[in-house]
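For reference, the structure discussed in these notes is given below.
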Amino acid sequence: MIYKNLSINDAGHLVFAGHDTASLAAAYGTPLLVMDEELIRSRCRAYKAAMEQYLPAGSHPLYASKALSMKRIYEIMREEGMGVDVVSVGELYTAAKAGFPMENAYFHGNSKTDRDIALAMDHGIGYFVCDNADELDAINAEAGRRGIRQKLLLRLTPGIDPHTHEKINTGRIDSKFGAAIETGQAEELILRALGKENVELCGYHCHIGSQIFDPTPFCDAAVLMLKFVAEIKEKHGFCAPVVNLGGGMGVPYVAGDSAIDYAANIKAIGELIAGICKDFGLEAPAILMEPGRSIVADAGMTLYTAASIKKIPGFKNYVAIDGGMTDNPRYTLYQSSYTILPASRMNDYGEQLWTVAGCCCESGDLIQEDVCLPEMRRGDLLAVLTTGAYNYSMASNYNRVSRPPIVMLGENGPYIAVRRETLDDLLSCDL
Ligand code: LLP
């Protein structure tokens, strides 16, 4: 077992966070997304503690809620004292409706409309993470109309390619996000922001990528951003009080993926920052980080029921399930690896390779290929691990398939945080 919260009971069933998965499936139906609430909370506490210990005063994590957005997650984030990053008015509205303190929310996105900007201000958004000059002008204008001074960070691209671990001169300059440091556009955007009456420039943001295991690119980004803070201070007298380093720390999905030591990474980043601040005589900015996946991914598990079995001798064995790319599009989109277990038959020997196929009318709708499982039978329960991030949040109603419910495994037992979509829900916008 790659996770601490998994075991097998006497009935040969997979147990997740202390709950028999077969009983959960019987009680709530499948497909079903179950989440280990304590694990989510412990990840928040670990990030908070490490950032408080190793980073400059005022440093703290924001949960990147694109990984999993629902009212309950914002309540948990409020209770854990986390900030949040929202990336659309949909996420922003969900957070507000959940009673999240919006002064601790950061509004991302590269394409905010005037309506988005106004709605965010209606809800008292704490910070915009402003992506470009057009957006900056629009925020300034709207803040002016309201007679407020809107706080914001500017999104910059430091030109780091996390997958080659090299600083590539042209790397990521062509990103749709932010203003590149290397081209001088970041500096232009800063000067433009400093010249605006109705915005308060609080600092800079960068995000170098997702599912990164090597600490080197994070350290490179921190160094680059801090040197840039020093350069702008030197040239223009503005010393950014906040630097947001984004999210991206990796999560293991299958045996063999390395586990990442978040606290050790944060410590390494903290040491570099302290060194640079000393060298350049800078007052250390507060550091923000935006973990999404590493807060919720392995706290989630999806349970499916096998609906049909198809063997094509000499070619493939298919087990088709009652969900698919509608609740987990990540294999279809990115060929992402997942660990899949025969949750109702954990003691049966897996001697064959199976393709786990979804229910959609599309041959690419697969959850995983070449999974070692016992002889599959209709009605078997399958558990796909590590589905807490970017599954529910990327789910769709393709083929008019309903989205599964989310059941939280909380301190006082399981409870439904998001109910299953009904067939009538699917018609709710049709006039
Ligand atoms: N901050 C910003 C500005 C981001 O764009 C992202 C992720 C995060 C934070 C959180 O990154 P994390 O800690 O979760 O890696 N749909 C893809 C992932 C896209 C991530 C986009 N941005 C997937 O399923 O793998």
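Computed from the coordinates by the stated procedures, all read-outs in this text should not be read as laboratory data. Predicted, not measured: the structure shown is a model, and the values here were computed from it. Cβ atoms come from the backbone with ideal geometry, glycine included; neighbour counts cover every protein chain shown.
Couple of notes before you dig in:
- Kirkwood hydrodynamic radius of the chain, from inverse mean 1/r over distinct Cα pairs, in Å: 23.0 Å
- Dimensionless Rg over Rh [the stretch 305-373; C-alpha; Kirkwood]: 0.94
- All Cα pairs of the stretch 108-291, percent lying beyond 28 Å: 26 percent
- Straight-distance candidates among the lysines for linking to Lys267, with alpha-carbon spacing under 23 Å and chain neighbours fewer than 8 residues away dropped: Lys48, Lys167, Lys227, Lys278.
- In this simple spin-label approximation, Glu103 and Lys310 carry label points 7 Å from Cα along the Cα→Cβ vector, and these lie 5.8 nm apart.
- Extension gain, Ala27-Gln335: 0.36 nm per intervening residue step, less the Cα-Cα distance, totals 107.7 nm.
- One chain, two ends: Ser258 and Cys361. Fully extended at 0.36 nm per residue, the span grows by 33.6 nm beyond their Cα-Cα distance.
- For the stretch 363-405 versus the stretch 1-49, the inter-centroid distance based on Cα atoms is 17 Å.
- Residue among Glu271, Glu200, Glu187 with the largest mean-square fluctuation in a Gaussian network model of the chain, springs linking Cα atoms under 10 Å: Glu271
- The angle separating the long axis of helix 37-54 from the principal Cα axis of greatest extent in the chain is about 30 degrees.
- Relative to the Cα centre, the charge distribution of the chain, modelled as +1 at Lys and Arg Cβ and -1 at Asp and Glu Cβ, gives a dipole magnitude of about 340 debye.
- Across Leu32, Leu303, Leu24, mean-square fluctuation computed from a Gaussian network of the chain (C-alpha pairs under 10 Å connected) peaks at Leu24.
- Cα-based helix-to-principal-axis angle, 215-236 vs the chain, degrees rounded to 10: 20 degrees
- Computed [θ] at 222 nm, helices only, for the chain once each DSSP H run of length n ≥ 4 contributes -39500 (n - 2.57): -9000 deg cm²/dmol
- Sequence-separation-based contact order of the stretch 108-291, relative, with Cα cut under 8 Å and 6+ spacing, percent: 18 percent
- For the chain, the longest principal axis of the C-alpha atoms and the axis of helix 185-194 are separated by about 60°.
- The stretch 1-87 - Kirkwood radius from inverse mean 1/r over Cα pairs (Å): 15.2 Å
- Comparing Asn244, Asn397, Asn132 in a Gaussian network model of the chain where C-alpha atoms under 10 Å apart are linked, the largest mean-square fluctuation is found at Asn397.
- Directionally averaged projected area (convex hull, Cα atoms, the stretch 106-217), nm²: 7.2 nm²
- Under 5 Å, built H, 5+ apart or other chain: amide partners of Gln150: Val199, Glu200
- Arg419-Lys235 FRET efficiency (beta carbon distance; Förster radius 41 Å; 0.05 resolution): 0.15
- Euclidean distance between Cα centres, the stretch 212-280 to the stretch 329-353, Å: 35 Å
- For the stretch 63-102 versus the stretch 300-325, the spacing of their alpha-carbon centroids is 34 Å.
- Once you divide the Cα radius of gyration of the stretch 325-413 by 2.2 N^0.38 Å, the number left is 1.15.
- Computed E for Thr113/Leu427 - FRET, C-beta separation, R0 45 angstrom, nearest 0.05: 0.95
- Taking the Cα atoms of the stretch 1-45, the ratio Rg/Rh between the radius of gyration and the Kirkwood radius comes to 1.01.
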